[in-house]
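Everything on this sheet refers to the single structure shown next.
What follows draws every value from the coordinates through simple rules; no lab data is involved. Treat the numbers as computed from the prediction; the structure is a model and nothing was measured. Every residue, glycine among them, receives a Cβ derived from its backbone with ideal geometry; neighbour counts consider all protein chains shown.
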Amino acid sequence: MVMLQFIIDWTDIGFQRKNSPVTDFRSFGLLSLHCLLRTEAHLKMQKFKSKDADCLPFALSYLNIGHQYIETMKKNPKFLVQHTFSENVIDDFVKYVDATLVDFERFWLSQKPENIMAYNQLWSKYEKKHFK
């Protein structure tokens, strides 16, 4: 990354830590930025650009899902064997996160949240069922 050699203080461009952006975006690191730039999940989501109260917070959900996949891989060495990856692992990873985000949106809408304040409770419920 050419940009790395020119940045002295990462907080100048919006990251939380001065010395490195790697720990931002939860523990998903720079992979999260790459994934967010390549995602196509929004094309399959029902309410992506909606202003409705029940609209799923896209970036927050994406980062939570990506973080959970990273944690799952750390805890379960069989994860990579159980999932098909090509030579382009990062793009394949994006596809897994995208598919899970679309699934989470279906779950979110089925729960009929009153507003965004229901997010943590519904995310915890989904996480327990799909990542444990």
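Each of C55, C35 has some number of other Cβ atoms within 10 Å of its Cβ, and from fewest to most they run C55, C35. Among H42, H67, the ranking by other beta carbons within 10 Å of each residue's beta carbon, starting with the fewest, stands as H42, H67.
Sorting V97, V89 on the 10 Å Cβ count, fewest up front, what's the list?
By the 10 Å Cβ count, ascending, the order reads V89, V97.
In a simple Cβ point-charge model (Lys, Arg +1; Asp, Glu -1; nothing else charged), segment 24-130 has a dipole of about 280 debye relative to its Cα centre.
Net length available on complete extension from K44 to E127 is 27.8 nm, with 0.36 nm assigned per residue and the Cα-Cα distance removed. With only the Cα atoms considered, segment 71-117 has a convex hull volume of 110 Å³ per residue. When restricted to Cα atoms, segment 39-112 yields an Rg and a Dmax of 13.5, 40 Å, respectively.
Bridging of K18 to lysines at a Cα separation below 21 Å is possible for none of them, once same-chain residues fewer than 8 apart are set aside.
Straight-line reach from K75: taking Cα to Cα under 28 Å and skipping same-chain neighbours fewer than 8 places apart, the lysines in range are K95, K125, K128, K129, K132.
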